[in-house]
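This report refers to the structure that appears directly beneath it.
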Number of protein chains: 2
Amino acid sequence: MINIDVIKFDDNGLIPAIIQQEQTGMVLMLAYMNRESLRKTIETGVTWFFSRSRQSLWQKGETSGHVQKVQQIYYDCDGDTLLIKVEQVGVACHEGTLSCFRRTIDQQKVEGETAVTIPSVYGQS
Amino acid sequence: MINIDVIKFDDNGLIPAIIQQEQTGMVLMLAYMNRESLRKTIETGVTWFFSRSRQSLWQKGETSGHVQKVQQIYYDCDGDTLLIKVEQVGVACHEGTLSCFRRTIDQQKVEGETAVTIPSVYGQS
């Protein structure tokens, strides 16, 4: 039984969703959902977000194939943030790395993994 | 060398900060920072946030002692979300559990750890 009325959307109808790789615990990205994208995420089992810049729904990996298979959706004590544990197919970041969080504020350099080259997927964006 | 000019604050001067326990990878909470709270976080080595409801800075654990010792601050590819890895002293959630994310949207029940009773800290709020 799913009741998304426990979720509090902000004045713009949005809620931030933290995406975490279930297997490793790595935080992959943060994006925003509106009520419709949350419903589609629940219905389809893959993540859908709402683009604030384009003001439209988008499915993560729709063109790249790098979809996020939802394992579990958590919400916090205030009901105003989602934490979605996923199985990430391919990579989460449009820069070609598994996580979008690779730069540190103190050194401003890319840490950890090396970006993979996937020009056929992201090279034209 | 730290340059927080790479960080993009939104129209309200805020940026969401995901707080993750470094040791376990557990996502503990999400809160918002403005430029001043980020500066204080960097300067003091513990997390400071900006309360949207109270419109004021607050230090996590200032009264409870449940501070978050900053291990590393990451920012994402868009520069509009922070991921802060911390050592959590005590618990992160005002409900007395380590993480604020314990309820799942499909069952709406508390999962995992049992809330600890810490009336001296949170019982009067």
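The values are calculated or read from the model by the stated rules, or taken from the named source; none is laboratory data. What you are looking at is a predicted structure, and each value in this text was computed from that prediction instead of being measured. So basically every Cβ, Gly included, is an ideal-geometry build from the backbone, and we count neighbours across all protein chains shown. Please note that ligands, DNA and RNA were not included when accessible areas were found on the heavy atoms of the full protein model with its side chains. Shrake-Rupley method; radii C 1.70, N 1.55, O 1.52, S 1.80 Å.
Among the residues of the stretch A:2-26, those that are farther than 13 Å from A:Q68 by Cβ and open to solvent by less than 20 Å² (accessible area, probe 1.4 Å) comprise A:I4, A:I7, A:L14, A:I15, A:P16, A:G25. For the stretch A:58-82, residues that are charged (D, E, K, R), open to solvent by 30 Å² or more (accessible area, probe 1.4 Å) and within 11 Å of the chain's Cα centre (by Cα) total 1.
More than 11 Å from the chain's Cα centre (by Cα), under 29 Å from A:S53 (Cβ atoms), at pLDDT 95 or above and open to solvent by 40 Å² or more (accessible area, probe 1.4 Å), is that true of B:E36? Judged against the criteria, B:E36 is a match. Among the residues making up the stretch B:1-54, those that are small (G, A, S) and at negative phi are B:A17, B:A31, B:S37, B:S51, B:S53.
Of the strands (runs of 3 or more DSSP E) lying entirely inside the stretch A:32-101, the ones with 3 or more residues being within 14 Å of chain B (Cβ to nearest Cβ) and either touching a Phe, Trp or Tyr at 6+ places or on another chain (Cβ under 7 Å) or not basic (K, R) (or both) are found at A:68-75, A:82-88. Does the stretch A:52-61 include one or more residues that are within 23 Å of B:C93 (Cβ to Cβ) and either basic (K, R) or at pLDDT 95 or above (or both)? Checked the stretch A:52-61: no residue is within 23 Å of B:C93 (Cβ to Cβ) and either basic (K, R) or at pLDDT 95 or above (or both).
Listed by first and then second residue, the pairs linking a residue in the stretch A:6-24 that is more than 9 Å from every other protein chain (Cβ to nearest Cβ) to a residue that is surrounded by 12 or more Cβ atoms within 10 Å (Cβ to Cβ) and among the charged types (D, E, K, R), with Cβ atoms under 6 Å apart and 6 or more places separating them unless they lie on different chains, are A:K8/A:D80; A:E22/A:K85.
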